[in-house]
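*Asks:* If you scroll down you'll find the structure; I have some questions about it.
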Amino acid sequence: MARRLPRAVNIAIGEILVSRPVTRFNRWLLRRSGGRLGGGGLGMEVILVTTRGRRSGEPRSVPLGAVHDGTNWVVIASNAGHDQMPAWALNLRSEPNVTVEHRGVVVPYRAHEAQGDEADRLWPIVIDAYPGYADYRTRTERPIPLFVLEPA
């Protein structure tokens with residue numbers, strides 16, 4: 001179980017991690033190091049998910065904190081508790097076929113949004129990996145979706 005940090009610290013960490021400069025740097029670092037650097041920490045793995053832009057049709061790669069659930073990855077569309085849904089989540093809703101790069105290995109996956117009992121089962125796993133997600137859920141009125149990425 002990850003150590004519980006004060007709410008303000010969790011919010012600050014989230015704000016830093018979702019900032020564009022950090023996202024760009026982390027994406028660059030993950031690719032250049034073959035996934036050996038730029039990942040992990042905070043009780044989670046970091047994977048590079050490549051979606052198809054819902055408007056542009058162009059590939060969009062984003063580093064995301066993720067937890068394992070069997071052979072699946074679970075990613076959290078928290079956007080650090082902001083009211084706006086992250087673009088990558090909207091892209092997944094539009095086109096669920098993605099690739100996941102983890103430690104230099106790229107594999108095709110298909111995403112679906114966890115609902116009902118599945119979401120209820122996954123939230124404690126996610127919060128156990130990084131308790132800050134509990135704080136993000138209280139920071140916004142929107143439901144924070146969990147996406148399950150299954151090997152294609």
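What follows draws every value from the coordinates through simple rules; no lab data is involved. No experiment lies behind these values; they were computed from the predicted model shown. Using ideal geometry, Cβ is built from the backbone for each residue, glycine included, and neighbour counts are taken over all protein chains shown.
*Asks:* Mind checking Rg over Rh on region 60-152, alpha carbons, Kirkwood formula for Rh? It would help to have the intermediate numbers written out before the result.
*Replies:* Numbers: Rg = 12.7 Å, Rh = 13.5 Å.
Result for region 60-152 is an Rg/Rh of 0.94.
*Asks:* How many nm separate the modelled label positions at Glu95 and Glu118, each set 7 Å beyond the Cα in the direction of the Cβ?
*Replies:* The two pseudo-label positions are separated by 2.1 nm.
*Asks:* Using amide H atoms built in the peptide plane, which far-off residues or other-chain residues are under 5 Å from Tyr109 H to H?
*Replies:* Val98, Thr99, Val100, Ala152
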